[in-house]
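Okay, structure first, notes after.
The values are calculated or read from the model by the stated rules, or taken from the named source; none is laboratory data. Given the structure is predicted, the values throughout are model-derived calculations rather than measurements. Because the Cβ atoms are built from the backbone with ideal geometry, glycine has one as well, and the counts that use them run over all protein chains shown. For the accessible areas, the whole protein counts, side chains as well, though only heavy atoms, and no ligand, DNA or RNA atoms are used. Shrake-Rupley method; radii C 1.70, N 1.55, O 1.52, S 1.80 Å.
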Amino acid sequence: MLGLLRLAVLRTALAAALTLSAGVAAAHAHPHVWITATSELVYGPDGALTGVRHSWAFDDMFSTYALQGIETKQKGVYTREELAPLAQTNVESLKEFAFFTFAKAEGKKQKFNEPVDYYLDVNNSVLTLHFFLPLKAPVKSKEMAVEVFDPSYFIDFTFADKDPVKLAGAPAGCALKFERPNDGTATAQRMSEDNFLSGDNSNYGAMFANKIEVKCP
């Protein structure tokens, strides 16, 4: 199977998943990688949104696969330095997929620069990617919307139950609203594989978007 061959060739797990999400995943209306996320919208002293800080914890199976072959000084203990090459590969792979993060200020699309301050850590065998995603230009807006999802639905993003989204340095009076995706299981079941392949499935994952809204005075 092409997907398995690619996985064997690509040594870093997230890079493999990102590459496959553009092709193999289109044939399946279900995810292959699961991420538990938390996010923080970061504001500057002038009240402008500067970017989004993400933490993405991968599922157990994926974490185990990703850590295979990484040399460590102490067995089972991974330092940031030892995980740095994998972290770099991961964040570089995100660009092709728009970082799975989509922002609008008062309805106008906003663009991001490449991630900074990124690193990986391992806690209880769970691999977590941390990074800051800066906007190309900080933006002041009374209405800001941010969505996190994989358009191909190869990767499923589920936000943590506790404190899924926070505001950092937001102006006084700004109100945060977080909406989890509706259960799309029934919709996915109604879509046969033939219909899924023949239609435009490039943004299928939008049905499973996590939506963040901020309204400021």
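Surface composition of segment 97-180: carbon plus sulfur atoms hold 48% of the accessible area, using a 1.4 angstrom probe and ignoring ligands, DNA and RNA.
Within the shell of other residues whose beta carbon sits under 12 angstrom from the beta carbon of Glu147, the net charge comes to +1, with Lys and Arg scored +1 and Asp and Glu -1. For Glu213 and Gln68, the FRET efficiency from 1/(1 + (r/R0)^6), where r spans their Cβ atoms and R0 equals 30 Å, is about 0.15. The tail of the calculated P(r) for segment 75-128 beyond 12 Å holds 70 percent of all Cα-Cα pairs.
At the listed q of 0.16 Å⁻¹, the Debye profile of segment 50-157, built from one uniform point per Cα, gives log10 I(q)/I(0) equal to -0.76. By the rule of a C-alpha distance below 22 Å, with chain neighbours fewer than 8 residues away ignored, the lysines paired with Lys215 are Lys104, Lys108, Lys109, Lys111, Lys136, Lys140, Lys142, Lys162, Lys166, Lys177. With a simple spin-label model that places each label point 7 Å from the Cα along the Cα-to-Cβ direction, the separation between Lys111 and Ala168 comes to 2.5 nm. Given R0 = 35 Å, the distance between the Cβ atoms of Glu40 and Lys75 translates into a calculated FRET efficiency of 0.55.
From the C-alpha coordinates alone, can you work out the Kirkwood hydrodynamic radius of segment 46-94, in Å? By the Kirkwood definition, the hydrodynamic radius is 13.1 Å.
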